[in-house]
Structures are given as structure tokens and as C-alpha cells.
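Notes for the one structure printed next.
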Amino acid sequence: MTQTAGSLPPVEPIYEVPMLDARGVRKIYRTGSVEVEALCGIDLTVMSGELVAVMGASGSGKTTLLNCLSGLDDIDEGTVHVEGIDIQALPDAKRTEHRAKSMGFIFQAFNLIPVFSAVENVELPLLLADVPTKEARARAVDMLGRVGLATRLHNKPPEMSGGEQQRTTVARALVAEPAVVWADEPTGNLDSHTAQTVLDLLWDLNDAAALESLGTWDDYRNEVYNNEGPCGYTRRADIFKPIIAAINGYCFAAGLETAMLADIRIAAERAEFGALERRWNIVAGDGLTARLPLIVGFARAMELIITGRRIDAEEALRIGLVTEIVPNDQLARRARELALSIAALPQGAIRSDKECLVRGVGRTLEERLRFEAEMLLSMFMRQDRHSHGAGSFVGKQEPRWEHHGL
């Protein structure tokens, strides 16, 4: 490509290399004349930060897949790239070195060294990777603290419960900050409560690993305070054009918060509403606690927010969350009909009165009356044809609005 004077150089496309990219992976076990094809042309791509679960019946090949993708076993056909490196093409020594530096393993059988303490088991992969002794011990202690074993550092595996041993295994797998963690039925030997604890730990550490830095507190606070909302615009309070929301189905969590940005909400008969993010411990961030009390009242909003209860369209209409219910197949038509009727009106007064309403929330009566007076003055200063409308009313004439009355 040639570059002319004053033109910008061509932009190279951005392509993120998958953390794992397997293509056409086949694995065949042979016993004499008997062949068993354990893996039949597996394709799998996993990006950095993803957490993937492989499920199947006993004997379906889950462990074989893990061993082949991690390079513990050879494959008969296909390719496996980890961090862009074809691990199956590496010599054994290089493949082992790559596993030690880039991978962590969580085995169902724990595979802890019984004569080593928890901290010694966790620091072992660091020592094998030539990390200095003091640094290895410090990182092992820190990781065990992160998995809730700060008081069990010097206990040996036989002195620990099954859940504690599994958490030690998790700490050992993560202490070297590997690019990939392989977990072979990590909860298979645990009771349901401990299993859930281990799964929660894996999710929490996966999320934490994605946070490279919060920057300074002031930068973080300014970003939170000054952005337009996680959904893109829900924290804006300066949109004075009329907004209609046509709600055709589930309107939960951020969907509900986005719908409440609208001035008029029309619901299909099948629509449902609720702050269901309560069930997953997700805090409101797009105006739920600010707008819902203004729409349905403080007490009703508090009940819906605390319980996370889902409500149907009829109840939403009854409490004022929506203004109208229409048959499912007529929602788009009704929303368009209403939009056209509003668009046919002069827009200056509508936008000024909406701005007055929005700015007046939480203000005293005196302040709200002052806002109203400001809007009246603003209409005259903008020459928004206020006198034209009043004159047409007195003369019993239908006014014609050029530029929508703006």
C-alpha cells in the first residue's frame, strides 16, 4: 500500500492470540490389535481470562483431553497451541519447561507431598523454576492466605481436611501465576459445601487475575463518578428529548435500569420486571436506586430492590412502573404511534418542562418554582415561538410549527 502526502499510515488489524487453540486433536489408545479413539478431532479455542468447564460421563475422555491439551500426553493428529506455541511440536524437555512456567495443575487426587508442609508444597514449583528461596516462601505464604489457609502453613497434608488439601492444591497451581490452570475434577473428592467453596475460590481468583491495576484512588473514583454508566448512558441527567421504552419481554437488572431512563414505558403483556441482580450480589450501577423510588415510590422501590422479586406487566402497571400494556404483537406499532404523536407537537416547551422536572427532583418548592421561571425566560430568549402558540390559541387557529417549534 502506498502512502500519499498528508495521509495516515495504514492501521494494522488487532488480533488477540488465543490462550489455547486446539485443532483436529485425535488421541487413539492401542492395546494389541484393539484401538480405542478417545478424542475424535477436537477443536477448542479459549481466550485469556475465560473459565471453561468440560462435562461428560465417566470414561468419556475428559482427563485424556486435559492431558493432551496440556502436553502431558502426545496426540496422534492435530495441533495444540498454548500462548501461540505449538506444544506438541516441542521436544520433551522444552515441553516440560513450558508447562512449569506457563501452566498450573489441580488434580482430583491432590498429589501433595505428604512429608512437606502446606507452605513447602506450594513453594516447590517456584523453587524448581529457580525463584530465590525467600521470594518463593513469601509468595507461597501470600497465596495460602488468599485461599484461607494462613493458619495452616506448617501443617502436613495428613493433618489437613480434604477441603484444606484441595485449597493447598489450588494455591500450588496458582502461585507461579501461570497463564493456564488445568483442573481435573477438582471437587470430585469433596462434600458439597467444600466443593462450592473451591469453585467460588476459582471464580474469585479468575476475576482477581483480570484486575491488573486500579491506578490511583483519585483516578478510579473520578472514572466511577464521571462516566455515563456501565450501560453507556444511564447516569446522564441532561437528555431532555422525550424517550419511550417499548418492553417486549424480560426487563431485569440493567435492562430495568435502562428502561427507567425513559419518560414513558409501554409493556407487552408478556413483559416481566425485577431487580434480579440481587441473586448474584451485583450492586446497582445504572440508576436503579435513584430512579425507581421516583417512579413507584420509596416503600415499593425498597421492597423490590431488597427482595429482587420479579413482577408481571399487570403489577408493573398497577404500581406505575409502566404507563400502558398492549398485546404482544402490537407493542412496536403502539410505541411508534405514540412517538409520532409526540413528535408532531412543538418540542421547545416539552423539553423545557422535562428539564424543569428533572432538575427539580429533591429540591424545595421555592427552587422548583425558580426553575420553572428560568425555563419561561429561556423560551423567550431562544425565540421558541411561545408567542406564536399563544396567539394561535387566542385566534382559534391551528398553529404551524416550523422546525418543530424550536
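One table, with the values for the structure above:
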| read-out | value |
| --- | --- |
| Any chance Ile87 is at pLDDT 90 or above and touching a Gly at 6+ places or on another chain (Cβ under 9 Å) | yes |
| Subset tally (residues that are open to solvent by less than 40 Å² (accessible area, probe 1.4 Å) and touching a residue at least 12 places away in the same chain (Cβ under 8 Å)) for the stretch 132-153 | 7 |
| Identity of the residue in the stretch 371-406, open to solvent by less than 70 Å² (accessible area, probe 1.4 Å) and among the hydroxyl-bearing types (Ser, Thr, Tyr), that ends up modelled with the highest pLDDT | Ser378 |
| Residue list for the stretch 350-366, filter: farther than 18 Å from Ile295 by Cα and within 40 Å of the chain's Cα centre (by Cα) | Ile350, Arg351, Ser352, Thr364 |
| Unique residue being of a type outside the set (D, E, K, R) and touching a residue at least 24 places away in the same chain (Cβ under 8 Å) when the list is Ile306, Ile239 | Ile306 |
| Among the residues listed as Arg368, Arg300, the single one being open to solvent by 50 Å² or more (accessible area, probe 1.4 Å), farther than 25 Å from Ile247 by Cβ, among the basic types (Lys, Arg) and in a helix (DSSP H, G or I) | Arg368 |
| Residue in the stretch 234-247 that is small (Gly, Ala, Ser), touching a strand residue (DSSP E or B) at 6+ places or on another chain (Cβ under 8 Å), surrounded by 12 or more Cβ atoms within 10 Å (Cβ to Cβ) and at pLDDT 85 or above present | yes |
| Lone qualifier among Ala316, Ala339 - being touching a strand residue (DSSP E or B) at 6+ places or on another chain (Cβ under 6 Å), part of a helix (DSSP H, G or I), surrounded by fewer than 16 Cβ atoms within 10 Å (Cβ to Cβ) and touching a residue at least 40 places away in the same chain (Cβ under 8 Å) | Ala339 |
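The values are calculated or read from the model by the stated rules, or taken from the named source; none is laboratory data. Note that the structure is a prediction, hence the values are computed from the model and not measured. No Cβ is skipped: glycine too gets one built from the backbone with ideal geometry, and neighbour counts run over all protein chains shown. Accessible surface areas use protein heavy atoms only, side chains included; no ligands, DNA or RNA. Shrake-Rupley method; radii C 1.70, N 1.55, O 1.52, S 1.80 Å.
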